[in-house]
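Heads up, the thing below is written out as structure tokens.
The values are calculated or read from the model by the stated rules, or taken from the named source; none is laboratory data. Computed from a prediction, not measured in an experiment: that's the story for all the values here. Glycine gets a Cβ as well: all are built from the backbone with ideal geometry, and neighbour counts include every protein chain shown. Ligands, DNA and RNA are stripped out before the accessible areas are found, and what is left, the full protein with its side chains, is counted by its heavy atoms. Shrake-Rupley method; radii C 1.70, N 1.55, O 1.52, S 1.80 Å.
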Amino acid sequence: MTKKINWLVIVTGLVVGVAAILLTAFGNPANMGFCIACFLRDIAGATHLHGAAVVQYVRPEIVGLVLGATIMALATGEFKARAGSSPATRFVLGAFVMIGALVFLGCPLRMVIRMGGGDLNAFVGLAGFFIGILIGIFFLKKGFTLKRSYVVAKSEGAVLPTVLVVLLVLAAAVPALFAFSETGPGSKHAPVLLSLFVALVVGALAQKSRLCMVGGMRDAVMFRDFNLLSGFVAVFVAVLLGNVILGNFHGFSSYLQPIAHASQLWNLLGMVLVGWGSVLLGGCPLRQLILAGEGNGDSAVTVFGMIVGAAFAHNFKLAGSAASLSEDGVYAAGGIATTGKVAVAIGFAVLLVISIWNTVKKKEAK
């Protein structure tokens, strides 16, 4: 049976793509108009959870995404405070999803934005992401579950939105409390009010459309439903056209792309970890922020796990390093340190244990 096209998903994807191009034009790093992993990493640095001086900034985009989702959910009666679905497991999964994303140097959303910028390394990441989703789907079909959530007080559902708003207010009022990058990606950012406004719009639309890269691929494989996936095709098209129009597109290449490396095996494996973990969580990092804005305490715990994962990634040198070219022409390939490779391997082992344990337990319950 032919499924109806959800135009709101496509419109949301187009808006996200245009927003990414706009924020980049006004100061965000190239090919990083929106990146949930990168921006949570910057927040972790700004709050002194890690000491990587080049990635420290309180990103208004994260605050805007969550707050936009909260406002839309409240306006439409969809704000529902729920929690209790294996929160500790979700925290751990969030941390390893973040580690995988920082090995690749981007979340699924930035992966699509990088593709639209001509970065062939991101297409390798897409292949890994799809493999990870297939692994996650295998366990879903076997009965994997993190159990149900329960209705909780509305104050519980408001925790993450409140924390993020307070964080942004403090960063504006008492900046001395925070660390701010003077060089590197953390020093590049669009004006605060523009970033906040654009993210509010994107967060509201993402809440209403249920935009999710993981959900899109999962639904396409399991149900032949391509609605959610069409949103990310729209992101890609909007970013590609935007880059062409602004003269920022110089063809497809894997060489010296902005904040990227060409260590293809680890681009692939990092995103396998992201895809697998995100299926187990029930949504990509963007979707976790939106769900937290709707009052989902389990997604809020997942976001806190991602922030801690970012701190671990930079404190223990797990994150990938970008390729670079010095002023005197010396090329540094970047890539992944041994510690990062070990972390990915540990992540696979942890996800396998979580997948099997929560599949076997369901079968025993029957």
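Just a few scattered comments:
- Given their separation in residues at 0.36 nm each and the Cα-Cα distance between them, residue 357 and residue 182 gain 58.5 nm when the chain is fully extended.
- Gain on full stretching of the segment that runs from residue 327 to residue 162 - 0.36 nm per residue minus C-alpha separation: 55.0 nm
- In the chain, the DSSP-assigned H stretches of four residues or longer account for a calculated mean residue ellipticity at 222 nm of -21500 deg cm²/dmol, using -39500 (n - 2.57) per stretch and the full residue count as denominator.
- In terms of its alpha-carbon gyration tensor, region 20-159 comes out oblate; a/c meets the 1.5 threshold, while b/c is at least as large as a/b.
- Taking the chain as a whole, the Cys residues whose C-beta sits 4.7 Å or farther from every other Cys C-beta are 107, 212, 284.
- Accessible surface, region 161-270, averaged per residue in Å² (probe 1.4 Å): 48 Å²
- Within a Gaussian network of the chain (alpha carbon springs, distance under 10 Å), most fluctuating of 75, 300, 179: 75
- Farthest toward the positive end of the dipole of the chain, out of 58, 32, 228, is the Cα of 228, where the dipole comes from beta carbon charges about the Cα centre.
- 3J(HN,Hα) along region 132-142, derived from phi through the Karplus expression 6.51 cos²θ - 1.76 cosθ + 1.60 where θ = phi - 60°, amounts to x, 5, 4, 5, x, 4, 4, 6, 4, 5, 7 Hz, with x in place of Gly and Pro.
- Amide H partners (placed H, <5 Å) of residue 296, local residues excluded: 82
- Global geometry of region 229-275, whether rounded, prolate or oblate, following the gyration tensor of its Cα atoms and the 1.5 cut on a/c: oblate
- The chain shape via C-alpha gyration tensor axes, a/c threshold 1.5: rounded
- Amide H partners (placed H, <5 Å) of residue 284, local residues excluded: 213, 214, 215
- Summing Lys and Arg as +1 and Asp and Glu as -1 over all other residues whose Cβ lies under 14 Å from the Cβ of residue 90 gives a net charge of +3.
- Region 329-336 - phi-based ³J(HN,Hα) in whole Hz, Karplus 6.51/-1.76/1.60, Gly and Pro as x: x, 7, 8, 10, 6, x, x, 10
- The gain in end-to-end length when the residue 342 to residue 142 segment is fully stretched comes to 69.2 nm, 0.36 nm per residue minus the alpha carbon separation.
- Burial ranking of peptide ranges 339-348, 59-68 (average Cβ count within 10 Å, highest at the top): 59-68, 339-348
- Across region 268-279, computed HN-Hα scalar couplings (Karplus, 6.51 cos²θ - 1.76 cosθ + 1.60, θ = phi - 60°) run 5, 5, x, 7, 4, 4, 5, x, 4, x, 5, 5 Hz from first to last residue, x flagging Gly and Pro.
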